[in-house]
Amino acid sequence: MNDNFPILILLFLVAAVVVLAFLALTVFFGPKRPNPDKGLPFECGTVGVGDARAPFPIKYYLAGIIFAVFDVELAFLYPWAVAFRDLRLVGFVSMMIFLAILAVGLYYAVRRGVFEWK
Amino acid sequence: MLATLLTIAYLVGVIAFVFSFALFAVWFERKVSAWMQDRLGPMETGGFQGWLQTIADAVKLLLKEDIIPAIADRPFFRLAPYMVFIGTLGAFVVIPFGAQFVGADLNVGLYYVIAISSLVVIGILMAGWASNNKWSLYGAMRSAAQIVSYEVPIGLSLLVPAIIAGTLSMQSLAVAQQGGFWNWNFLRVPPFGLMAFIVYFWASVAEVNRIPFDIPEGESELVAGYATEYSGMRYAMFFLSEYANMFVVSAIAVTLFLGGWNAPLSFLDFVPGPIWFLLKCMALVFIQMWLRWTLPRLRVDQLMGVCWKVFLPVSFVNLLVVSFWMLWVR
């Protein structure tokens, strides 16, 4: 892991430099004719009403919360998958209990209509 | 010192590959769609089959004015393309193109891929919110809800090969499938390996926001979704990442389920590994394009329903049966 770490950092830097280079090129080559109308947000050609800092459906928030629960579960499952053969029965049973609890939670969320988008 | 130079050369090669693949894939998609609709597609630019068309488009985008809306959140608006591009490119470093062709064979490779591709969601949310435009906001919210939802079945089905091989290193996962196509993970523990592959592939089409899962940027309802306010090269970065992401999800599917760079039969071993790998990836990329030009768009309730009520329980059952099988039957 340790000798691979610099490669990852290098990759992030290289990727950032590539994007930066392209954006610099477009600033250099592209025309610069600012105009107050160009700075307006696109709203199908009409003059915009208010801005986009407006409320949106809570469903997205619920989906995000449930995702967080299951993503943490995934974070537990990956090390388990590698150590699985050494853990044998104990590992299998304890993870299945964990999954069963989550499955009950999922069933509850489905029955409460969290995923019914209207 | 030599190792460092080799690494840098490899990274440069990977980036060159990403750009040429994205340009090729855009051209290829136009050709595929034209072929499916009985049209010709690009024919003029560059002579043979209009192969220069996407390069000409890229140059055109380079010559466009860089517009940032006056009421946009400027720092985040500028940062978003970087996040999306780094998230896409980051995955390439652990993908094994062949027995010797892997940037960094991390022992947590699979975990790293899942983690790094989450950066794309953050970039998309950032772009949508910072644009301060209603289309962008709705596109970003839909996109984030969709990507994070499908992340869960993806993670669960990728666990199946990890359990079978007992490792998370991408290279070891590919090596574990050597010796003929019956050792490939999608044929292991039948039919659960195949089910995991299908769940992964469908969910990954959703992950890259393509039809039939393209409500985040459905042009007939949301203009261009989170990318509405982006123009010129900034937009090109999102576009490029989207096509590069198609390759990333296909490469993960190939490495984990379809034998990676291994030949399907051992007498075909004389063909180098990278060629097999690219052939398999291109086949999956073609299937993604085929889906796009065949299926209509799903509604948002169907989308979330399929993910949480079908894919997730199926992945749970898969995981249960495969781990049971690995403990007692095998």
Only one of these conditions is not met by residue A:43: (1) assigned to a helix (DSSP H, G or I); (2) under 25 Å from residue B:143 (Cβ atoms). Which number is it?
(1)
Can you name every residue in the stretch B:134-146 that is in contact with a helix residue (DSSP H, G or I) (Cβ under 9 Å, 6 or more places away or on another chain) and either more than 9 Å from chain A (Cβ to nearest Cβ) or not hydroxyl-bearing (Ser, Thr, Tyr) (or both)?
B:135, B:137, B:139, B:140, B:141, B:142, B:143, B:144, B:145, B:146
Among residues of the stretch B:1-55, those that are assigned to a helix (DSSP H, G or I), among the small types (Gly, Ala, Ser) and surrounded by 13 or more Cβ atoms within 10 Å (Cβ to Cβ), counted
6
Restricting attention to the stretch A:63-118, which residues are crowded, with 17+ Cβ neighbours inside 10 Å and of a type in the set (Ser, Thr, Tyr)?
A:78
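Every residue, every condition in (1) under 22 Å from the mean Cα position of the chain (by Cα); (2) acidic (Asp, Glu); (3) within 12 Å of chain A (Cβ to nearest Cβ), yes or no:
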| position | (1), (2), (3) |
| --- | --- |
| B:159 | yes, no, yes |
| B:165 | no, no, yes |
| B:172 | yes, no, yes |
| B:176 | no, no, no |
| B:189 | no, no, no |
| B:192 | no, no, no |
| B:195 | yes, no, no |
| B:198 | yes, no, no |
Pick from B:290, B:328: which is surrounded by fewer than 14 Cβ atoms within 10 Å (Cβ to Cβ), at pLDDT 85 or above, out of contact with any Ser or Thr (no Cβ under 9 Å at 6 or more places or on another chain) and part of a helix (DSSP H, G or I)?
B:290
Single residue of B:323, B:315 found to be under 30 Å from residue A:86 (Cβ atoms), small (Gly, Ala, Ser) and facing another protein chain (nearest Cβ under 8 Å)
B:323
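Listed here are the residues, each with its yes/no results for (1) among the hydrophobic types (A, V, I, L, M, F, W, C); (2) assigned by TED's automatic domain parsing to the domain that holds residue B:242; (3) over 20 Å from the mean Cα position of the chain (by Cα).
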| residue | (1), (2), (3) |
| --- | --- |
| B:281 | yes, yes, no |
| B:285 | yes, yes, no |
| B:294 | no, yes, no |
| B:303 | yes, yes, no |
| B:321 | yes, yes, yes |
Looking across the stretch A:67-96 at residues that are at the interface with chain B (Cβ under 8 Å from one of its Cβ atoms) and within 18 Å of the chain's Cα centre (by Cα), the single one that is farthest from residue B:109 (Cα to Cα) is A:67
In the stretch B:264-277, which residues are in contact (Cβ under 8 Å) with a residue 60 or more places away in the chain and in a helix (DSSP H, G or I)?
B:266, B:273, B:274, B:277
Can you tell me which residue among B:149, B:117, B:131 is more than 9 Å from chain A (Cβ to nearest Cβ), touching a residue at least 24 places away in the same chain (Cβ under 8 Å) and among the hydroxyl-bearing types (Ser, Thr, Tyr)?
B:117
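The values are calculated or read from the model by the stated rules, or taken from the named source; none is laboratory data. These numbers come from a predicted model, not from an experiment. With ideal geometry, Cβ positions are generated from the backbone for all residues, glycine too; neighbour counts draw on all protein chains shown.
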